[in-house]
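Here is the structure we will look at, set down as structure tokens.
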Amino acid sequence: MSAITEKQHPGFYAIIVMLVLMAVGPIVLMFVNSFKLDVDIISGTSGLFFLPTIQNYETALCDVLPYEIEHLDFCSLKFGGAFINSLIIALVSTALTLVIGCMAAYALVRFKFMGRDTVSGSTLMVRMVPPAVLLVPVFGLWNNEFCISKASWFGSWVREEFGGRGDLCLAGTHSGIILIYVAMNLPFVIWILQSFIVQVPRQLEEAARMDGAGPFQVFFKVVLPLIKPGLAAAAIFTFRIAWNEYLLASALSDRDTKTVPILIVNNMSEFNVEWGVIMATGMLLAIPPIIFTLFASRQIITGMTAGAVKG
Amino acid sequence: MSTATFNRLTPYIFLAPALIIMALALLYPLGYMVFGSFRDWDPSQSLGESTYVGFANYITLWSDPSFRESVGVTLKFAVSVVCIEMVLGVGLALLLDRKLRGMSILRTLFILPMMIAPVVVGLVWRYMYHPTVGIFNNSLKSVGLESVDWLGQHALVSIIIADVWQWTPFIFILSLAALQSLPRSALEAARIDGATGWQQIVHIKIPLMMPVLIVTGLLRLIDAFKVLEVILVMTEGGPGLSTEILALRISRTATEFRELGVAAAMSNYLLMILLLVTIIMLVYNRIQEYRAARAIRAIEEEL
Amino acid sequence: MKITKSLRWAATASMVAASALSTGLAVAGPYDDYAGTTLVVNFPAHPHYDAVRKILPEFTKETGIEVEVDQLPYLKMRERQTLELGQDEGDYDLVAYVVFSKADYVYADQLENLARYFMNPKLSDPSYDADDLIDGYVYNIGFAGGNKGYLQGKTGSLFGIPYGSETSVLGYRKDIFEKHDLKVPETYDELLELACKIPELEPGMGGLSSRAASGHHAAHAFLLHLAPLGGRVFDDSWNPTVNNAAGVQAANALKTIVDCGPEGAASFGFGEALGSFLSGDTAMFLDTTVVAGQIDDPSKSKVVGKVGWAMHPMGTRRGSQTGGFGIGIPKNAENKDAAFLLMQWLTSKKGDKLVALAGGNPSRFSTHQDADVNAKFPHMKIFGEALEHADPDWRPIIPVWGKINADLGTTLSKVLTEDLDIQEALDGVASRAKVIMDEAGYYTWSQ
């Protein structure tokens, strides 16, 4: 970006300020409210004059805090556990999607083989499927069909080691959710990475091949390092989806594998709308994406524009 | 295995994990669902245990007024949202396409809404729209105006606004990128010829950006059908069915009413609509490629 | 005499030793075999169950049985339960079920019939006093197979015990009523008149805040008015009568209430309706007794100490709702005996009193009359009186009710927000309900 900046009309700056307020405002509102007591939020005292309290965060994190919380009779929000579940699921999904997607994208770009166009076209088609549509069959399959009977040798071993009851089904396990997330994200990741791999000059690969490198070595040593920005963008997008997703996670999780979005929605009970705690949990969920945005905005934008804008 | 065979098999090896996972967790479920839409199916049964009912689910849905209303709401929502976001996004891009100090900070701030979890977006907006506690009504009351029943009477408008807030940045970023990759020569030429800013926009910038804009618009349209969590948290589809978009109705039919067969049939209807949009997009892409190839060939022939 | 003395000493000593031994043996209590078990229970996110969680440590202390609670919003809880109960081996040892799930679960044979637990001398506590349990609740929530399939009757049996049950009661702002010299309404006519008069007397204030949001909420609110006004959803042959004169009257009552209610009333769920009353925006509240605890909590309510309670107004008869939750043992549970012990403890006189003191809903008449409870919650006495008119048949508990309820709720919401004609709307509900009932086989015997 050139260092020359032009002088602008003051009205222009006013518009910019307004836009920024609109974009960031709700998030700031949530942040501020998470430090207020419910009474203050309900009475709508104007944002700035109040006594900040960390009570809401204490209530949310009650199962990981080392000290006793006086204002709570019992710890109902198991946020710590949910946070760990979310983290495991998001990280593993992202890692798997990247590795598998990268390899597939490379194959689609570099190798001419039978059915290449169909695969490419179908990844685009799969992208259009809404998660709600997947909900119905996944709900049925993960609970009833993708199961290992507890009578089989593997099933009975798992049951003896880890406890639990009934057949070993994918539903209610971390792997079940990870599997569907990886499958959902692969099309998009493959699509993004394809446009990056296309830009890697063939000559480099051919040079390496002539030096005697096998295809795997070419892939790992030559191509991968060159598409780092694409990998970063794909990683951020996959993590974001896995971290934020609610619908499939809520259908496929049981009480031990609840993720944070599920906890937040469950907390909006009709009897006791505790706005402060809700804002605090919302804030906690939003922190990783916000951190990503602040530190990796360039990668995100590259990822978004890849493929859409043919440079 | 000789290196030659290995090399020939390499693409398949590279492709295998992805294909296996997508087949297992995407294609098989989709097929299962299409199969399941012809049956009367309950969540506690596996497909084999359910009874065959032929096209009954489809016919019931076709004549079900709630389903029709849901489709109407979905279409209204998707079209409004895409139109508004395109206009705003492109407008903002045109406005902000200048050399500004701190442009990258601005861009960072603008993409924040997109990265926040839809659940949280729904949450914050539900708070803001709340009739007594929410900030919109509080501000209206403090200037003496009447408060508005956002999530009651104007529920659809309210969720459209929330979605516009979340996704306009997407269009904005893409349009900006497109704008900034336009050939400067054409713009310079126009300016030298004395075209005003407005004429530049209408006759040069927008036509050149068209391919990107159309792809973006179609992408956004496909995504608009997927919106669910925001609406779920804000209105749960109410009041009545006025904000029950198809995705939400499908999930309710499956989990609340426990009629998986009907939900599967509904999913198929939704997929058919989406398929139409995707095909349009693919066809459009093909046409673009064809035109580009033809232009290149024309230039080559001239030389 | 020396011998007699030492003999007596020996005799006393051995008697003391023997009694000590036998007391030791007798102290081997009913919970010993189960100490160390962990029960997994499924509860809804509901003020009563929040109170239950406060008293669970007491149970663990007394019996050595740990309890792990999975608390979910109650619609989610239902979905979860339906899934879990259908498996071969379930996760939950005790479930709190929503009252209209009673029909589904019993019909699908997923709940344990409690008869054999009460017959088991090792498990059943002779001082339980089941007659003290509130009749309306027991028959509405726990009993199945009786008259009409879901009411009291000679053919029925107990599958669950009411816990967290509620009836409806009228709460009103004593200060507003005193200020304008208003009489506490006892009939529906008086109630409706007041509901619209109050906004005129106190600008900005709603008359009665009620649930009205689409779906379950609107249906619930409608049914609250249907029974006292003499209506019923079905007649004895299962023909829908929801669109008869009483039904139209009830719908009109609801519309009047919502129109004269606070801002945004047409989209109120239960939480918003309560919130409106708690923040002082409405003068009356006609809904469940559950809210009493929150009304007197200064961190949530701005109307502490200003609220009086009266019985649900009378139409052609008195009939307040019966609803809430019951607890039952799933057929696929792992620790059924220990679960029964928990169930018994929670609903015993002692457990019921503890939960009432912690802010929950008592299931026994005696708890409502108890001095300690009344000292802490003076409204309990009126609630106790209201319970005598609790109507177990205010809402049919049949497996297809969910669908009919959803349709009723959505239609009523349209009446409230889109001004649909009431008779037309109810006629629509009745005809659709008839189709559903026909498909489910309810007209098999009347053909």
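Nothing in this text is a laboratory measurement; each read-out follows from the coordinates by a stated rule. Predicted, not measured: the structure shown is a model, and the values here were computed from it. Cβ atoms come from the backbone with ideal geometry, glycine included; neighbour counts cover every protein chain shown.
Only helices at least 24 Å long along their own axis, judged from Cα atoms, and with Kyte-Doolittle mean hydropathy of 1.0 or greater: name those in chain B from DSSP H.
Helices meeting the span and hydropathy rule in chain B are B:3-22, B:65-95, B:155-180, B:206-224.
Screening chain A for whole DSSP H helices of 20 Å or more along their axis (Cα) with average Kyte-Doolittle hydropathy at least -0.5 returns A:10-33, A:79-110, A:174-197, A:228-244, A:275-305. Equivalent-ellipsoid semi-axes for the stretch A:236-283 (Cα gyration tensor, √(5λ), whole Å, largest first): 21, 14, 8. Packing, as the average of other Cβ atoms within 10 Å across residues, places the peptides A:23-31, C:142-150 in the order C:142-150, A:23-31, highest first. Working ranking of peptides C:374-383, B:181-190 by packing, defined as the average number of other Cβ atoms within 10 Å per residue, highest first, is C:374-383, B:181-190.
Ranked for footprinting exposure by Cβ neighbours inside 10 Å, fewest first, C:Val52, A:Val17, C:Val355 give A:Val17, C:Val355, C:Val52. For the stretch C:49-174, the square roots a ≥ b ≥ c of the C-alpha gyration tensor eigenvalues yield an a/c under 1.5, which makes the shape rounded. Within chain C, the whole DSSP H helices whose Cα atoms reach 20 Å or more along their own axis and whose mean Kyte-Doolittle score is at least 0.5 are C:2-26, C:245-259. Taking every DSSP bridge with both residues inside the protein assembly as shown, close to 65 percent are antiparallel. Cysteine residues of the protein assembly as shown whose Cβ has no partner cysteine Cβ closer than 4.7 Å: A:Cys102, B:Cys83. Each peptide in B:135-147, A:277-289 was scored by the mean count of other Cβ atoms within 10 Å over its residues; highest first, the order is A:277-289, B:135-147. If you sort the three axes of the alpha carbon gyration tensor as a ≥ b ≥ c, you get a/c of 1.5 or more for the stretch C:308-375 and a/b no higher than b/c, which makes it oblate.
Taking all C-alpha pairs of chain C, those more than 29 Å from each other amount to 50 percent. Computed over the Cα atoms of the stretch A:10-305, the ratio of the radius of gyration to the Kirkwood radius (Rg/Rh) comes to 1.05.
Gyration tensor over the Cα atoms of the stretch B:64-258: the corresponding equivalent ellipsoid has semi-axes (square roots of 5 times the eigenvalues, largest first) of 36, 21, 15 Å.
Take the Kirkwood radius over Cα pairs of the stretch C:359-412, plug it into Stokes-Einstein at 25 °C and 0.890 mPa s, and you get 180 µm²/s for translational diffusion.
What does the average come to when, for each residue of peptide B:96-105, you count the partner chain Cβ atoms lying within 10 Å of its Cβ?
Taking the mean over all residues of the peptide, I get 4.
Dividing the Cα radius of gyration of the stretch A:194-311 by its Kirkwood radius returns 1.18 for Rg/Rh.
Length, then width, then depth: along the principal axes, the Cα atoms of the protein assembly as shown run 133, 79, 69 Å. Annotation: the residues A:Ser250, C:Ser157, sorted from fewest to most other C-beta atoms within 10 Å of their own C-beta, follow the order C:Ser157, A:Ser250.
Kindly put A:Trp153, B:Trp167, B:Trp150 in sequence by how many other C-beta atoms sit within 10 Å of each C-beta, fewest to most. Mind dumping the intermediate values first?
On the way: A:Trp153 8, B:Trp167 22, B:Trp150 25.
The order, fewest Cβ neighbours first, is A:Trp153, B:Trp167, B:Trp150.
Here is the list for the stretch A:55-160: GluC sites (Glu not before Pro) lying in DSSP coil, each with at most 15 other C-beta atoms within 10 angstrom of its C-beta, are A:Glu68, A:Glu70.
Of all lysines in the structure, the ones whose alpha carbon falls short of 21 Å from that of C:Lys102, not counting any fewer than 8 places away in one chain, are C:Lys76, C:Lys148, C:Lys154, C:Lys331, C:Lys336, C:Lys403. The distance separating the Cα centre of the stretch C:28-54 from that of the stretch C:221-293 comes to 34 Å. By its C-alpha gyration tensor, with a ≥ b ≥ c as the square roots of the eigenvalues, how is the stretch C:310-447 shaped: rounded for a/c under 1.5, else prolate for a/b larger than b/c, else oblate? Oblate is the answer for the stretch C:310-447, as a/c is 1.5 or above yet b/c matches or exceeds a/b. Summed over qualifying helices (DSSP H, 4 residues or more, each -39500 (n - 2.57)) and divided by its residue number, the protein assembly as shown shows a 222 nm mean residue ellipticity of -18500 deg cm²/dmol. Peptide A:259-266 has a mean of 4 when you count, residue by residue, the C-beta atoms of other protein chains within 10 Å of its C-beta.
Counted over chain C, the DSSP beta bridges are approximately 65% antiparallel.
Comparing mean-square fluctuations of C:Gly171, C:Gly36, C:Gly360 from a GNM of chain C with C-alpha springs under 10 Å, the top value falls on C:Gly36. Averaged over peptide B:174-182, the number of partner chain Cβ atoms lying within 10 Å of each residue's Cβ comes to 3.
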